[in-house]
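Novice: Pasting in a structure now, in structure tokens, and then I'll have a few things to ask.
Just so you know, all these numbers are worked out from the coordinates, no wet-lab data involved. Because the structure is a prediction, the values reported are computed rather than measured. Here Cβ is always computed from backbone atoms with ideal geometry, including for glycine, and neighbour counts include all displayed protein chains.
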Amino acid sequence: MNWKFWQRKNSNAPKSKSREWFDAIVFAVVAATIIRTFFFEAFTIPTPSMERTLMVGDFLFVSKMHYGARTPMTPISFPFVHQELPIIGGKSYSEAIKWGYHRLPGFSKVKHNDIVVFNYPMEDERPVDKQTHYIKRCVGLPGDTLQVIDRLVYINSQKNMVPKGSQHTYLIKTTGYGLVEDTWKKLGINEYQPIGNGEYQAILTDGAANELKKISAVSSVMPIIQPKGFYEGHIYPFSTFYKWNTDNFGPIYIPKAGATIHLDTNNLAIYQRVIFAYEHNTVEEKDGKIFINGKETTSYTFKMDYYFMMGDNRHNSADSRFWGFVPEDHIVGKAVFIWMSIDSEGSFLNKIRWNRLFNVIHWNND
């Protein structure tokens, strides 16, 4: 019997150029998607919240292997687009299928002072893996008690390291009519503004502050620190019971999976969002009593680990002091490598910050 009728007609015929290109593109998209999902992803620094550690215009590779790659939670998505479709606009993903949170084994857990990329946890209108990417330094781990005292971070009553490139706000007073623009440029100071009478408010590293003090036209350089007990209403947990501000914050316990805390009408302000938004329970306070899923309670056991993130540019960073904890299912990866850095204000070849190319990102910025 002749079995040749089972064979596809012209099965050995060479592929057309268009078919070769199609196959190559499909293979490239699949391979790049696998790499991007499970190994490395490229990110750009859009804001100055991590300066001087990371600069606006830095292009990074973020490792998803360090903490273990998070499996897709919204699998139907346009390739290589995070939230919005290019040109035509609209969502780049569909929520027709949703998968739960799972993470592959990693090299390590998140450590103190790691620079971490995560999904911004306040975008409840989007799926977790489609929320905006943020990058900050992890200063507090699950189970830690964190406090900021006069802008210095303390973890479990121990002073935390101060990042080499960290910046704070200073008041600069001059003896005359102020400082010329070249002075600021020579010191690498980008964020400053005159406030009258030859005075300036500027965001500086400690090194830049010391250099300014050496200038004869400068009479004083003083840090601007919000005093303890001064209430800033935009600071988490937005409660007058906790008179916290940017520079004096806490103490606050960072939730750890399996840990049980006492709940009352005061600390509910700190943990209500965790219980409701991240761990999907109903929470109600009525007549001085707390009800979770309809049952009165005075305690709560956390289901997930949480982290406290801060930018190194401490007075120009929207971070955990402003919106609270980052849940473990929001963690994307660890920033490991700067492969390109572009200064938008530079000209021609000066647009590239050559000294930042191919720099490994160290946890302590040494």
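Novice: Tell me which of PRO79, VAL116, THR205 sits at the most positive position along the dipole axis of the chain, charges placed on C-beta atoms (Lys, Arg +1; Asp, Glu -1).
Specialist: Positive-end residue among those listed: PRO79.
Novice: Which of ALA259, ALA318, ALA24 moves the most in a Gaussian network model of the chain with Cα springs under 10 Å?
Specialist: ALA24
Novice: On to the next question. Work out Dmax and Rg for the range 1-131 from the C-alpha atoms and quote the Rg first, both in angstrom.
Specialist: Expressed in Å, the Cα Rg and Dmax of the range 1-131 come to 20.9, 78.
Novice: Also: Please quote Rg/Rh for the range 167-223 to two decimal places, taking the Kirkwood radius as Rh and restricting both calculations to Cα atoms.
Specialist: 0.89
Novice: What number does the range 151-193 give for Rg over Rh if you use C-alpha atoms and the Kirkwood radius?
Specialist: Rg/Rh for the range 151-193 comes to 1.15.
Novice: Can you tell me the 0 to 90 degree angle between the C-alpha axis of helix 17-38 and the longest principal axis of the chain, rounded to 10?
Specialist: 40 degrees
Novice: Return the Cα extents of the chain along principal axes one, two and three, sorted largest first, each rounded to a whole Å.
Specialist: 103, 66, 38
Novice: Let me ask another. Can you tell me which aspartates and glutamates have their Cα less than 17 Å from the Cα of LYS351? Leave out same-chain residues fewer than eight positions away.
Specialist: ASP58, ASP343
Novice: Which one of SER347, TRP21, ILE45 has its Cα pushed farthest toward the positive end of the charge dipole of the chain, where Lys and Arg give +1 and Asp and Glu give -1 at the Cβ?
Specialist: The residue sitting most towards the positive pole is TRP21.
Novice: Then there's this: Mean separation of Cα pairs under 8 Å and 6+ residues apart, divided by the residue count of the chain: what relative contact order is that in percent?
Specialist: 20 percent
Novice: What is the Rg over Rh value, at two decimals, for the range 92-190, using alpha-carbon atoms and the Kirkwood definition of Rh?
Specialist: Rg/Rh: 1.13.
Novice: Run down the aspartates and glutamates and flag those whose C-alpha is under 13 Å from the C-alpha of LYS173, throwing out any fewer than 8 positions away in its chain.
Specialist: GLU199
Novice: Also, quick follow-up: Which value, in debye to the nearest 20, describes the size of the charge dipole of the chain about its Cα centre when Lys and Arg Cβ atoms bear +1, Asp and Glu Cβ atoms bear -1, and nothing else is charged?
Specialist: 1340 debye
Novice: Can you list the lysines whose alpha carbon sits under 19 Å from that of LYS243, skipping same-chain ones fewer than 8 residues off?
Specialist: LYS228
Novice: Considering the chain as a Gaussian network with a 10 Å cut-off on Cα pairs, which listed residue, TYR306, TYR67, TYR200, attains the greatest mean-square fluctuation?
Specialist: Maximum among the listed residues: TYR200.
Novice: Which links in LYS111/LYS295; LYS164/LYS303; LYS91/LYS303; LYS164/LYS214 stretch past 25 Å when you go from one Cα to the other?
Specialist: From the list (LYS111/LYS295; LYS164/LYS303; LYS91/LYS303; LYS164/LYS214), the Cα-Cα distance tops 25 Å for LYS111/LYS295; LYS164/LYS303; LYS91/LYS303.
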